[in-house]
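The structure appears below as structure tokens.
What follows is calculated from the coordinates using simple rules that are stated; it is not laboratory data. Please read these numbers as outputs of a predicted model, since none were measured by experiment. Reconstructed Cβ throughout: ideal geometry from the backbone, glycine too, with neighbour counts over all protein chains shown.
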Amino acid sequence: MKKTLLLLLILNALLASAQTDKPGCKEIEPVYMNRMQGFYLNSCEFSEYKDVEFFYVGLDGKSVRIRKAGEYRRLSYAKDKNETRKVSGDQIRLNYSNAVVKIKGKSLAKNNSYFSFTNNGNEVFMKIDDAEDSDDRGFLITIIEVKNMQQDIVMTIQESIENDGKAALYGIQFDVAKSTIKPESAEALKQITDYLNANPSVKIIIVGHTDITGDFISNMTLSKERAESIKTYLITNSKIDKSRLQSDGVGPLCPVSTNATEEGKKLNRRVEIVKL
């Protein structure tokens, strides 16, 4: 009887001292993903929309930098002090890699730290950081589920041009370092079309802008090519007379914010419609 009571006291003490998730973090953890045994969430972040730059070494050994934007999660896992297993960083990363591949996703990094897969039809990108030790005490997971941002602030092209002679558009999306317009740009392009149809005598110049990242000449070329792609779209898809449209690009020469922060760079990457 005494031994049983002692055992119960020990078990209760262990349960009482077990470390638990930070309040609110369990709700942020994706429902499609469980976790490593013996780890708990000691911090977390969530945003409806965030633009994140991922860095990893690809399967071919080359360094890769890639930007993804959408629903954002950052999960910090720590090892419970009562957990006796010695779990290595390699073991953690390979566990996630095997799980991703099993659902027909891809492990894209040489060290199994960066993955892509789909969830409810959305692309998901996930990066594991700080899983390196032989007895790992904690690691970070960053997740972007690609989704369009909910646009809460609305200022029509008409209003912007009447006030400033130009309108900045941030909803026209391109593949990285390319001038191919992505399908999610349709709404922003419709705004230009609607403005031109409502003002049939107006002529515009479409101006491409970049941030300061990368080579100056390449940015100048890219900004011009992207503006030209929009012009071609408006002529081909929206049936706007080509005599009403000009295009050009100024690369990083006309920033509207600092290039020292990611938020500033995001504001500088834009397309402007200028009334002639």
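Tabulated data
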| item | result |
| --- | --- |
| Dipole in debye (nearest 20) - the chain, about Cα centre, beta carbon charges: Lys, Arg +1; Asp, Glu -1 | 660 debye |
| Positive-end extreme of charge dipole, region 18-146 - chosen from Phe39, Gln19, Ile92 (charges on Cβ) | Ile92 |
| Dipole magnitude of region 153-250 about its Cα centre (Cβ charges: Lys, Arg +1; Asp, Glu -1), debye to nearest 20 | 360 debye |
| Highest-MSF residue in the chain out of Ala177, Ala131, Ala260 [GNM, Cα springs under 10 Å] | Ala260 |
| Partnerless cysteines, meaning none of the other Cys C-beta atoms lie under 4.7 Å away, in the chain | Cys254 |
| Extension gain from Lys26 to Thr232, taking 0.36 nm per residue of separation minus the Cα-Cα distance | 69.4 nm |
| Chain lengthening between Gln91 and Asn163 when straightened (0.36 nm per residue, less Cα-Cα) | 20.1 nm |
| Compactness of region 103-198 as Cα Rg over 2.2 N^0.38 Å, two decimals | 1.61 |
| Net length gained if the chain between Leu276 and Glu184 were fully extended (0.36 nm per residue, minus Cα distance) | 30.4 nm |
| Pairwise FRET efficiency - Gln19 versus Ile212, Cβ, R0 = 41 Å, nearest 0.05 | 0.40 |
| log₁₀ of I(q)/I(0) at q = 0.14, 0.33 Å⁻¹ - region 161-210, Debye sum with one point per alpha carbon | -0.41, -1.38 |
| Equivalent ellipsoid semi-axes - Cα gyration tensor, region 18-146, angstrom | 23, 19, 13 |
| FRET efficiency, Thr118 to Thr221 (Cβ-Cβ, R0 30 Å, nearest 0.05) | 0.35 |
| Across Lys50/Lys102; Lys50/Lys178; Lys86/Lys127, pairs whose alpha-carbon gap is larger than 31 Å | none |
| Å³ per residue enclosed by the Cα convex hull of region 157-275 | 96 Å³ |
| Cα lying deepest toward the dipole's positive end in region 18-146, options Ala69, Phe125, Gly138, charges on Cβ | Phe125 |
| Isotropically averaged projected area of the chain, using the convex hull of Cα atoms (one quarter of hull area), nm² | 19.2 nm² |
| Residue among Ser223, Pro200, Gly165 farthest towards the positive dipole end of region 153-252, charges placed on Cβ | Pro200 |
| Anchor Lys203: lysines whose Cα lies under 23 Å away (excluding residues fewer than 8 positions away in-chain) | Lys166, Lys190, Lys224, Lys231, Lys239, Lys242, Lys275 |
